[in-house]
Amino acid sequence: MIDRDTIDRIYAAADIVEVINDYVTLKKKGVNYQACCPFHNEKTPSFVVSPSKGLYKCFGCGKGGNAVSFVMEHENITYPEALKIVAKKYGIEVKEREETEEDKIRNNNRESMFMLNSWAAEYFVNTLHNTDEGISVGLSYFRQQRGFSEATIKKFGLGFCPSSGDKMSQDALRAGYKEEFLLSTGLSLKSERDNSLFDRFRERVMFPVHNVSGRIVAFGGRTLRTDKKVAKYQNSPESEIYSKKNEIYGLFFAKKAIQQQNYAIMVEGYTDVISMHQSGVENVVASSGTSLTTEQIRLLSRFSKNITVMYDGDSAGQKASLRGIDMILKEGLNVRVVLLPVEHDPDSFARSHSAEEVRDYVERNSQDFISYKAKLLLSDAGEDPIKRSEVIRDMVQSISEIPDTIQRSLYIKECSRLMNVSEDILLREVAKGRMRSLGDREAEEFVNRESRKYWRKREEEPAASEEAEHFGNLTIGSSLESIERELIYYLVVHGVKNYDFREGRKLIPMNVAETIIDEMSMDNMHFHNEAYNKIYDIYREARTTGRIPQPDEFTSHNDIAVCDAVTDLLFIDDQYSESEIWTKKEVHTTTESEVLGKGVPKAIQLFKTKVITGMLAELQAKLQDESLSEEEQLDIASKMAQLNRLKVMLARKTNRLTI
């Protein structure tokens, strides 16, 4: 367990902009930063980071929190794991008390697998450098055949797995790692003959695969044997911590260079990436031993909207470059293609050229996708009209994938010029393609127009339309969620404040938090929203010691739902004061005390009314049970009568407050 002092140091050191910028490219806008949200797919940025508050908030999907909760959410890891990642970034030593048996039981499979992978990576590195076999086979391959320097080998954590069938597995077991995790990570396999373990990667040079935050999620192993029956590459299987469609090899090492240069170079293999990095070109990644996927494109788009695809100059490389183009276009990214000389692949090209020469070659030879595709396909079609029409249909298909209307229009013009085909014909064909793949084109364009209007309005009046539904405008018809949200807003943002409650001609001084807690405790009521209920319980317990919780106690809470809820409320408060909201609703108040004096009691009465209405509905449903005795029916009827009287009384109070 991590001690409180260490946690406090981590939070004090963590710069939320620096932490999130490791995962998403943030752009400054006013006092805050913006980006497209990493938690859901969107084209218009709705993800906001506030350096002054140390919080982030997505106004699209609703997620929010602080630097640590962002890492938790993004990496899908536990609170202690996220703390360790942030601590490592700032060089903070994490002090933990000795684990109890209970703590060990709580450690989930994911963390155990990460720990095992970390151990295995060190094991492979040690085998490469400190065993005769590792030096003569593995290190010789990396140094002599690939030309990797010691610095490069160390940077990428390259290693070697022993050739003896089960040495790594047995060493792992002796080190205390469990068989179940050796199997679930794919480091070991089990013999069908005698159920013994053996090494998946035996006698292979090893390439660890890091996720975007630098944790090792998988391995790739390359055989150095020439036997055609042996697979050249062996990769870790899918697991709880590794999904190959979601990982991009080299992104952890390339993300800063991609952000700085505002484009990524996509290659095919591990050694392509490593050689390019060694040459000094670091904005290079690979699709992690699989065909390019939508998930990989979206991950890469967080760092740049520009991708240059680099493949071998042979025909296989050219066909490979075409497969991913439509997928990249569909995600709204800009794609260019660069083909290397026929005698080269990215690995050999990087080893025989300096960084300046590689960059110069990319700049001079990269082509816009439409020019590249047209040249490639037309060279095969020649003058055959049937083949040329097929090429045009292929081009139309690619253009129809582009989500941006203006960009589509420009590509149609260019395609018309290259293909010598009427622009009107291409426009109609692209429209048909979009109708087939996306449905009604007119409906889609309408939604796009409305969406643009919506986001323009939000830039001018952030969150005003959303808050009008909830704050200062509650009625008996408001949803229970809306009423609970307003009550929690008063508790978290204004709990420490006092207000004057008007009872007839008297003004009675009241405290916001005490009023809410007393009123709810009086009737033994709780929130239905679990996160709100946890926040309420913290306030209730703190009150017994005379303590008032501060908002940062919730934004650093280890429950992500609590963190989300309070972040949401704090961003509301950042943009609007309650008096502004109420003034817009034409409830003409002049002081914060008057606003709270109306808002808090009204929200409490409406909450109680909603809860009572729910209880009445439950009792009414019970009353329909024909098996009930007469005595039970009378008891239910009596309870319903009491609740109805209370409901009428609350309605009168609410009506007076509204007036």
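The values are calculated or read from the model by the stated rules, or taken from the named source; none is laboratory data. Everything numeric in this text was worked out from a predicted model, so none of it was measured. In this analysis, Cβ positions are derived from the backbone assuming ideal geometry, glycine residues included, and neighbour counts consider all displayed protein chains. Surface areas here come from the heavy atoms of the whole protein model, side chains and all, with no ligands, DNA or RNA. Shrake-Rupley method; radii C 1.70, N 1.55, O 1.52, S 1.80 Å.
For segment 35-45: of the residues being without any contact (Cβ under 8 Å) to a residue 40 or more places away in the chain and more than 11 Å from the chain's Cα centre (by Cα), which is nearest to residue 25 (Cα to Cα)? Please lay out each step first, then the result.
Going residue by residue through segment 35-45, those that are without any contact (Cβ under 8 Å) to a residue 40 or more places away in the chain are 37, 39-40, 42, 45.
Right, trim to more than 11 Å from the chain's Cα centre (by Cα) and you get 42, 45.
Numbers: 42: 14, 45: 11 Å.
It comes out as 45.
Would you pick out the residues in segment 46-87 that are β-branched (Val, Ile, Thr) and either open to solvent by less than 10 Å² (accessible area, probe 1.4 Å) or farther than 17 Å from residue 25 by Cα (or both)?
Within segment 46-87, 49, 68, 71, 77, 78, 85, 86 qualify.
Looking for something outside any helix (DSSP H, G or I) and exposed (fewer than 13 other Cβ atoms within 10 Å of the Cβ) - is there at least one such residue anywhere in segment 609-619? Step through it out loud before you land on a result.
In the first step, residues of segment 609-619 are kept if they are outside any helix (DSSP H, G or I); the result is none.
There is no residue in segment 609-619 that is outside any helix (DSSP H, G or I) and exposed (fewer than 13 other Cβ atoms within 10 Å of the Cβ).
Let me confirm something: among 393, 364, which residue is assigned to a helix (DSSP H, G or I), out of contact with any helix residue (DSSP H, G or I) (no Cβ under 8 Å at 6 or more places or on another chain) and over 21 Å from residue 268 (Cβ atoms)?
Step by step, each of 393, 364 is checked, and only 364 is assigned to a helix (DSSP H, G or I), out of contact with any helix residue (DSSP H, G or I) (no Cβ under 8 Å at 6 or more places or on another chain) and over 21 Å from residue 268 (Cβ atoms).
Of these, 527, 501, which one is outside any helix (DSSP H, G or I), in contact with a helix residue (DSSP H, G or I) (Cβ under 8 Å, 6 or more places away or on another chain) and more than 27 Å from residue 591 (Cβ to Cβ)?
Working: 501 fails: more than 27 Å from residue 591 (Cβ to Cβ).
Every option except 527 fails the conditions.
Taking residue 337 as meeting all but one of (1) over 29 Å from residue 258 (Cα atoms); (2) not in a helix (DSSP H, G or I), write down the number of the exception.
(1)
State whether the residues of segment 142-149 include one that is at positive phi and either small (Gly, Ala, Ser) or part of a helix (DSSP H, G or I) (or both).
Yes, segment 142-149 contains at least one residue that is at positive phi and either small (Gly, Ala, Ser) or part of a helix (DSSP H, G or I) (or both).
I'm told residue 517 meets every condition in (1) in contact (Cβ under 8 Å) with a residue 12 or more places away in the chain; (2) surrounded by fewer than 18 Cβ atoms within 10 Å (Cβ to Cβ); (3) more than 20 Å from residue 570 (Cβ to Cβ) except one. Can you identify the failing condition by its number?
(2)
Within segment 2-18, can you find the residues that are exposed (fewer than 13 other Cβ atoms within 10 Å of the Cβ) and touching a residue at least 40 places away in the same chain (Cβ under 8 Å)?
3, 5 - these are the residues of segment 2-18 that are exposed (fewer than 13 other Cβ atoms within 10 Å of the Cβ) and touching a residue at least 40 places away in the same chain (Cβ under 8 Å).
Each row is one residue, and each column tells you yes or no for (1) open to solvent by 30 Å² or more (accessible area, probe 1.4 Å); (2) of a type outside the set (Lys, Arg); (3) within 34 Å of the chain's Cα centre (by Cα).
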position	(1), (2), (3)
194	yes, yes, no
197	no, yes, no
206	no, yes, yes
220	no, yes, yes
224	yes, yes, no
233	yes, yes, yes
240	yes, yes, yes
252	yes, yes, yes
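Assess whether residue 510 counts as being farther than 30 Å from residue 16 by Cα, open to solvent by 20 Å² or more (accessible area, probe 1.4 Å) and among the hydrophobic types (A, V, I, L, M, F, W, C).
Criteria met by residue 510.
So that you can scan it fast, the table gives a plain yes or no per residue for (1) β-branched (Val, Ile, Thr); (2) out of contact with any Gly (no Cβ under 7 Å at 6 or more places or on another chain); (3) modelled with pLDDT of 85 or more; (4) in a loop (DSSP other than H, G, I, E, B):
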{"site": "37", "(1), (2), (3), (4)": "no, no, yes, yes"}
{"site": "40", "(1), (2), (3), (4)": "no, no, yes, yes"}
{"site": "45", "(1), (2), (3), (4)": "no, yes, yes, yes"}
{"site": "53", "(1), (2), (3), (4)": "no, yes, no, yes"}
{"site": "56", "(1), (2), (3), (4)": "no, no, yes, no"}
{"site": "69", "(1), (2), (3), (4)": "no, yes, yes, no"}
{"site": "72", "(1), (2), (3), (4)": "no, yes, yes, no"}
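So which of 360, 347, 326, 384 ends up being open to solvent by 50 Å² or more (accessible area, probe 1.4 Å) and modelled with pLDDT of 80 or more?
Every option except 360 fails the conditions.
Cβ-Cβ below 7 Å, separation at least six or inter-chain, first residue in segment 239-261 and small (Gly, Ala, Ser), second open to solvent by 30 Å² or more (accessible area, probe 1.4 Å): which pairs?
Sorted first by the residue in segment 239-261, then by its partner, the pairs are 239/184; 254/282; 257/282.
What are the residues in segment 348-380 that are farther than 30 Å from residue 411 by Cα and among the hydroxyl-bearing types (Ser, Thr, Tyr), if any?
Result: 348, 352, 354.
Among the residues of segment 343-352, are any more than 24 Å from residue 145 (Cα to Cα) and within 38 Å of the chain's Cα centre (by Cα)? Spell out the reasoning first.
Our first condition is that a residue be more than 24 Å from residue 145 (Cα to Cα); within segment 343-352, this holds for none.
Checked segment 343-352: no residue is more than 24 Å from residue 145 (Cα to Cα) and within 38 Å of the chain's Cα centre (by Cα).
Read through the list (1) open to solvent by less than 40 Å² (accessible area, probe 1.4 Å); (2) in contact (Cβ under 8 Å) with a residue 40 or more places away in the chain; (3) of a type in the set (S, T, N, Q), then give the number of the only condition that residue 21 fails.
(1)
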